[in-house]
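Scroll down for the structure; my scribbles are underneath it.
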Amino acid sequence: MATSRFHQALGTAQSHQHLQNSGSHHEFGNASLKLISKAFKADVGLSIRGGYNSCMRKSGVIQASTSQTSVQSVSYSPNNSSDELRRKSSEAALILIRHGESLWNEKNLFTGCVDVPLTKKGVEEAIEAGKRISNIPVDMIYTSALIRAQMTAMLAMTQHRRKKVPIILHNENEQAREWSRIFSEDTKKQSIPVVTAWQLNERMYGELQGLNKQETADRFGKEKVHEWRRSYDIPPPNGESLEMCAERAVAYFKDHIEPQLLSGKNVMIAAHGNSLRSIIMYLDKLTSQEVINLELSTGIPMLYIFKGGKFIRRGSPAGPTEAGVYAYTRSLALYRQRLDDMLH
């Protein structure tokens with residue numbers, strides 16, 4: 001009960017990017033999203049162009065499981081089971097990026113869910129991450145509700161060879177929806193929808209947030225601070241454990257991001273060390289002991305291929321001209337070839 005109240009309060013306080021009032025309709029080129037008030041249903045029609053992705057044409061309705069979540073759903077056949085969807089889904093790319101260095105990283109402070117921007121180094125890391133994924137298709141972007149993750153996503157996409165513009169979806173009220181409408185169909189086709197979700201936020205560090213890490217270790221002891229930072233199920237005072245963070249992040253991934261991959265959409269997630277660590281735990285089927293030893297570098301993208309209902313880890317693209325990452329799948333190789341033909 002306490003955990004439920006905690007997450008409800010956190011979601012209300014830290015995210016205004018979710019459905020709260022009346023319905024709205026968004027179209028972004030090959031994706032049409034209709035978001036319908038507090039019933040939290042989404043009727044989405046998709047038409048994947050270019051021959052790279054295959055997609056089922058039947059439309060359906062997906063019921064959201066939480067009142068704090070922005071509903072972003074995909075078309076599917078309502079008569080198909082999850083297993084059938086997995087068998088029919090086309091190959092899709094999943095890119096994970098931990099945000100670049102933040103101003104509090106630089107100051108060695110516990111950041112957690114405090115909304116702190118990137119440093120100059122963090123900006124450079126985000127741009128470099130974008131160069132590494134500049135040839136990988138991106139149809140949809142998910143970020144946390146925190147500015148450092150959103151900055152990382154936006155800066156990374158400035159380097160992409162398709163030059164599509166990432167646009168954050170605003171559904172907090174009718175005025176926000178109306179004022180952010182796009183009236184050019186050509187412009188919509190050259191845009192990528194960006195969904196922000198508090199469930200992808202960094203682990204909430206409770207009473208440690210804003211404290212200097214070294215001073216905290218001196219005050220409470222290195223072993224205690226290490227326990228708070230690296231154990232799986234022991235939270236810092238009035239904060240979240242990694243287990244609690246995983247509950248919300250993985251649930252969101254399953255409910256909202258995995259259906260996009262099932263439809264053949266290519267997804268990028270820009271988030272945080274602990275929320276991404278939680279998702280990787282799910283993708284790679286890591287144990288609680290293995291995940292606490294998992295280290296993620298800032299600004300280094302990781303690539304997964306989703307095919308046949310399975311996530312295949314491909315590591316990190318070595319650079320913007322690295323061909324090796326594309327050799328793993330025929331679809332990515334063809335996509336890159338089409339980029340070369342189109343841009344030269």
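For the cross-link pairs K254/K285; K107/K222; K120/K222; K188/K265; K121/K213; K107/K224, which exceed 24 Å when the distance is taken from alpha carbon to alpha carbon?
Working: K254/K285 14 Å; K107/K222 19 Å; K120/K222 30 Å; K188/K265 17 Å; K121/K213 20 Å; K107/K224 21 Å.
Result: K120/K222 exceed 24 Å.
What is the sum of charges, Lys and Arg at +1 and Asp and Glu at -1, for the other residues whose Cβ falls under 13 Å from the Cβ of V165?
Its environment carries a net charge of +4.
So in segment 92-307, what percent of DSSP beta bridges are antiparallel if you round to the nearest 5?
Numbers: 7 of 23 bridges.
Of the beta bridges lying entirely in segment 92-307, close to 30 percent run antiparallel.
Please calculate how many Å² of accessible area segment 92-307 carries per residue, with a 1.4 Å probe and no DNA, RNA or ligand atoms counted.
Each residue of segment 92-307 exposes 38 Å² on average to a 1.4 Å probe.
Evaluate the distance, in nm, between pseudo-label points positioned 7 Å from the Cα of K121 and of D218 along their respective Cα→Cβ axes.
Once both label points are built, they end up 2.1 nm from each other.
Quick one: compute a quarter of the convex hull surface over the Cα atoms of segment 92-307 and quote it in nm². Mind dumping the intermediate values first?
Values: hull surface 49.8 nm².
Approximately 12.4 nm², given one-decimal rounding.
Could you please state how large a percent of the accessible area of segment 92-307 is carbon and sulfur, counting protein chains only and using a 1.4 Å probe?
Taking all protein chains in place, segment 92-307 shows 50 percent carbon and sulfur surface.
Say a paramagnetic label sat at a point 7 Å from the Cα of D186, along Cα to Cβ; which residues of segment 138-168 have their backbone N under 14 Å from it?
Of the residues in segment 138-168, none has backbone N under 14 Å from the label point off D186.
For V291, V123, V165, what's the largest-to-smallest order of accessible area, 1.4 Å probe? Intermediate values should be presented prior to the final figure.
Details: V291 0, V123 45, V165 80 Å².
I get V165, V123, V291, largest accessible area first.
Expressed as a rounded percentage, what relative contact order does segment 92-307 have, with Cα pairs under 8 Å and six or more residues apart?
On the way: 415 pairs, mean separation 75.0, N = 216.
Relative contact order of segment 92-307: 35 percent.
Starting from the 7 Å offset along Cα-to-Cβ, what nm value, one decimal, do you get for the label separation of I312 and D284?
1.8 nm
The values are calculated or read from the model by the stated rules, or taken from the named source; none is laboratory data. Note that the structure is predicted; figures quoted are calculated from it, not measured. Positions of Cβ are backbone-derived with ideal geometry, glycine not excepted, and every protein chain shown enters the neighbour counts. Note: areas computed on protein heavy atoms with side chains; ligands, DNA, RNA excluded. Shrake-Rupley method; radii C 1.70, N 1.55, O 1.52, S 1.80 Å.
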